[in-house]
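Before any comments, here is the structure.
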Amino acid sequence: MKFSACAAVGGNWAGRKLKMDKSEFQVEENPYSNIRHMIGVVSGKGGVGKSLVTASLANLMALQGYRVGIMDADITGPSIPRMYGIHGPAVGDDNGLYPLEADNGIKIISTNLLLPNEEDPVIWRGPVIANMVKQFYTDVIWGELDYLLVDMPPGTGDVPLTVFQSLPLDGIIIVTSPQDLVRMIVSKAVHMAEKMDVPVLGVVENYSYMICPHCGEKISVFGESHLEEAAEAEKLPVLGRLPINPEYAQKADAGDFAGVANDGLDRAAEVLRAMNENKS
Ligand SMILES: Nc1ncnc2c1ncn2[C@@H]1O[C@H](COP(=O)(O)OP(=O)(O)O)[C@@H](O)[C@H]1O
Ligand SMILES: [Mg+2]
Ligand SMILES: [Zn+2]
């Protein structure tokens, strides 16, 4: 026994980087859930379009016949239920809490579906937020899912870090905009993921360009993008680019997002599909 303990210690120090031992923080999946892949979607700050990218990718995978869920882990800035026009309260029983379903079959859980009044602001502190996210995993009955996309809290601070720690993510996707200090945001997210031993699947740029409604020309509204350089510096693939499209915002505001099928995330979808094939 003594020797095997030594071997374990040796194993810990064998890696060149000291990685966080996640096992003590991670929580158990609900016994009625069987989630094949869990993908986190992160951004440097709010308003970048993290939720829109999460929902767009979810729609794309659902259209391709996969069973998809969205965990709205952006506890203080939840927006997924509104985009799909679904309202709480989510109901539960002795086995746990049931997610609500969007028109395209995507299963959704969010603080918005639990608050007595959806309009109430969420003013909880870090530990409470982290605990909420844990419950979204342990207490929610997700059933059989090919992909659970997690709309993570923005930034790389304590709260997202704790969330990261608690959930067994298979990978993350970083969302940036051309206005961002892309290189810094990408490298911060990469470091956080590295510390947590979660692979970064790649980067998606939102608000990349706009199609002129008059002549159909592609306009780089915010000037040249620095995404390629930033992605290359971290050896990450660019998984997609979404245009500024007023229709997305309209559909999101009207709760009709289940009907949005936008191209521009095909590579991201390909990466997710490849994960599924490798695991079966
Ligand atoms: N590509 C886009 N085209 C048009 N509107 C967008 C686009 N991306 C996001 N929006 C709108 O911008 C706002 C912020 O996007 P959201 O996804 O909620 O950001 P985040 O989740 O990063 O805070 C929302 O009203 C959304 O509908
Ligand atoms: Mg959001
Ligand atoms: Zn034009």
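Remarks
- Condition check for ILE211: within 23 Å of PRO243 (Cα to Cα), hydrophobic (A, V, I, L, M, F, W, C) and either within 16 Å of ligand 2 (Cβ to nearest atom) or modelled with pLDDT under 90 (or both): no
- Screening the stretch 165-280 for helices (runs of 4 or more DSSP H) wholly inside it with 3 or more residues that are in contact (Cβ under 8 Å) with a residue 24 or more places away in the chain and within 16 Å of ligand 1 (Cβ to nearest atom) returns the ranges 182-195, 246-254.
- Counted residues, the stretch 190-219 - those being away from ligand 3 (no atom under 13 Å from the Cβ), on the phi < 0 side of the Ramachandran plot and out of contact with any Ser or Thr (no Cβ under 7 Å at 6 or more places or on another chain): 11
- Residue count, the stretch 56-93 (criterion: of a type in the set (A, V, I, L, M), under 22 Å from HIS37 (Cα atoms) and not in a loop (DSSP other than H, G, I, E, B)): 10
- Single residue of TYR66, TYR84 found to be of a type in the set (Phe, Trp, Tyr) and surrounded by 22 or more Cβ atoms within 10 Å (Cβ to Cβ): TYR84
- Any hit, the stretch 131-141, residues being more than 29 Å from ASP256 (Cα to Cα), in a helix (DSSP H, G or I) and free of Cβ contacts under 8 Å to residues at least 40 places away in the same chain: yes
- Meets criteria (modelled with pLDDT under 95 and either among the charged types (D, E, K, R) or at negative phi (or both)) for LEU18: yes
- Residues located in the stretch 119-130, provided they are in contact with a Ser or Thr (Cβ under 9 Å, 6 or more places away or on another chain) and farther than 20 Å from GLN165 by Cβ: PRO121, VAL122, ILE123
- Any hit, the stretch 90-110, residues being closer than 28 Å to SER177 by Cβ, at pLDDT below 95 and in contact with a strand residue (DSSP E or B) (Cβ under 9 Å, 6 or more places away or on another chain): no
- When THR54 is tested against the conditions (1) within 16 Å of ligand 1 (Cβ to nearest atom); (2) touching a Gly at 6+ places or on another chain (Cβ under 9 Å), the lone failure is (2).
- Selection count, the stretch 224-280, where residues are out of contact with any Lys or Arg (no Cβ under 7 Å at 6 or more places or on another chain), of a type in the set (A, V, I, L, M, F, W, C) and within 22 Å of ALA189 (Cα to Cα): 11
- Looking only at the stretch 94-108, and only at residues there that are outside any loop (DSSP other than H, G, I, E, B) and among the hydrophobic types (A, V, I, L, M, F, W, C), the one that is surrounded by the most Cβ atoms within 10 Å (Cβ to Cβ): ILE108
- Residue count for the stretch 238-259, restricted to those that are more than 19 Å from GLY47 (Cβ to Cβ) and either crowded, with 16+ Cβ neighbours inside 10 Å or in contact with a Pro (Cβ under 8 Å, 6 or more places away or on another chain) (or both): 4
- Only residues that are exposed (fewer than 15 other Cβ atoms within 10 Å of the Cβ), modelled with pLDDT of 95 or more and near ligand 1 (Cβ under 9 Å from one of its atoms) were counted across the stretch 21-51, and they come to 0.
- Residue count, the stretch 60-77 (criterion: within 13 Å of ligand 1 (Cβ to nearest atom) and more than 11 Å from the chain's Cα centre (by Cα)): 3
- Scan of the stretch 229-264 for residues that are under 19 Å from PRO199 (Cα atoms) and not β-branched (Val, Ile, Thr), ordered by number: ALA230, ALA231, GLU232, ALA233, GLU234, LYS235, LEU236, PRO237, LEU239, GLY240
The values are calculated or read from the model by the stated rules, or taken from the named source; none is laboratory data. The model shown is predicted, which means the values in this text are computed figures rather than measured ones. When we count neighbours, we look across all protein chains shown, and the Cβ atoms used for this are built from the backbone with ideal geometry, even at glycine.
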